[in-house]
1. Are any residues in segment 14-47 in a strand (DSSP E or B) and out of contact with any Phe, Trp or Tyr (no Cβ under 8 Å at 6 or more places or on another chain), and if so, which ones?
2. Exactly one condition in (1) farther than 22 Å from Val125 by Cβ; (2) modelled with pLDDT of 90 or more is not met by Val171; state its number.
3. For residues in segment 55-70 being touching a strand residue (DSSP E or B) at 6+ places or on another chain (Cβ under 7 Å), part of a loop (DSSP other than H, G, I, E, B) and not acidic (Asp, Glu), which is farthest from Asp43 (Cα to Cα)?
4. I need every pair where a residue in segment 36-52 that is modelled with pLDDT under 90 has its Cβ under 8 Å from the Cβ of a residue that is assigned to a strand (DSSP E or B), sequence separation at least 6 or different chains.
5. Of the conditions (1) surrounded by fewer than 16 Cβ atoms within 10 Å (Cβ to Cβ); (2) over 25 Å from His199 (Cβ atoms), Asn164 fails just one. Which one is it?
6. Just for segment 130-144: of the residues that are over 8 Å from the mean Cα position of the chain (by Cα), of a type in the set (Val, Ile, Thr) and crowded, with 23+ Cβ neighbours inside 10 Å, which one is farthest from Ile102 (Cα to Cα)?
7. So Ile110 clears everything in (1) under 19 Å from Gly161 (Cα atoms); (2) in contact with a Phe, Trp or Tyr (Cβ under 7 Å, 6 or more places away or on another chain); (3) assigned by TED's automatic domain parsing to the domain that holds Phe10 except one condition, right? Which one?
8. Could you please let me know if Gly122 is without any contact (Cβ under 8 Å) to a residue 40 or more places away in the chain and not assigned by TED's automatic domain parsing to the domain that holds Phe57?
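The values are calculated or read from the model by the stated rules, or taken from the named source; none is laboratory data. Keep in mind that this is a model prediction, so the values were computed, not measured. In this analysis, Cβ positions are derived from the backbone assuming ideal geometry, glycine residues included, and neighbour counts consider all displayed protein chains.
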Amino acid sequence: MCNFLSAIVFQSGRVHADPEHTDSHEDMIAALDLKDDREFARDWIRVEFTPKDGDYFDIDSYELKVDEATTPVWFDEDRRAATENDLRSRVRQMIVTTDRKIILGGCWLIPENINIDVVKSGRVVWCGGTVNGICGGTVNVIRGGTVNEIRGGTVNAIWGGTVNEIWGGTVNEIWGGTVNAIWGGTVNEIWGGTVKKDHRTPPAPAGQEVD
């Protein structure tokens, strides 16, 4: 499984990443129409740039990993350092540092104490602040804070915090936190946490905690 932040690095020095849409190397390889049948003759490699302890907001903790069986000679220490600087700069620009009325597109990391009125598209890798409405796009993880409404898009996992209402879209997994009301949409798996009211028909799956 490819992790945030994945990229393709070329021998020319070009770094290609498309975190708004995917962290899959295979998706990027297909989109760029690259040939992957001769590893030792390629002029590109797969890399991942991830936080050492899972803290997406600690820019200095990110480490670069070559996601290949071997590392080519051309990817030397200078090229590695240049790639790290490039990707570190990209991650820094994804961190939301002020409250916003709306997010349209892009890839974002939302820390605690940040308020976003609406996310209409794009991707939120980490949400710890307050989002009033999710209307589209993808949210990878909600770890804390408050999401007032989910009306569309996809939320891959809720691990904590509070979601006040789910009206539409898809929530793949609930592992923790509190969901006050589900009015519609799809919730695929509930492994923990609290769902206070589920107004859908048929009723909630067995094992779901409902007040």
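1. Within segment 14-47, Val15, Arg46, Val47 meet the criteria.
2. (1) is the only condition that Val171 fails.
3. So, considering only residues that are touching a strand residue (DSSP E or B) at 6+ places or on another chain (Cβ under 7 Å), part of a loop (DSSP other than H, G, I, E, B) and not acidic (Asp, Glu), the one farthest from Asp43 (Cα to Cα) is Phe57.
4. Filtered contacts from segment 36-52: Lys52/Tyr62; Lys52/Glu63.
5. (2)
6. Across segment 130-144, the extreme among qualifying residues is Ile142.
7. Unmet condition: (3).
8. no
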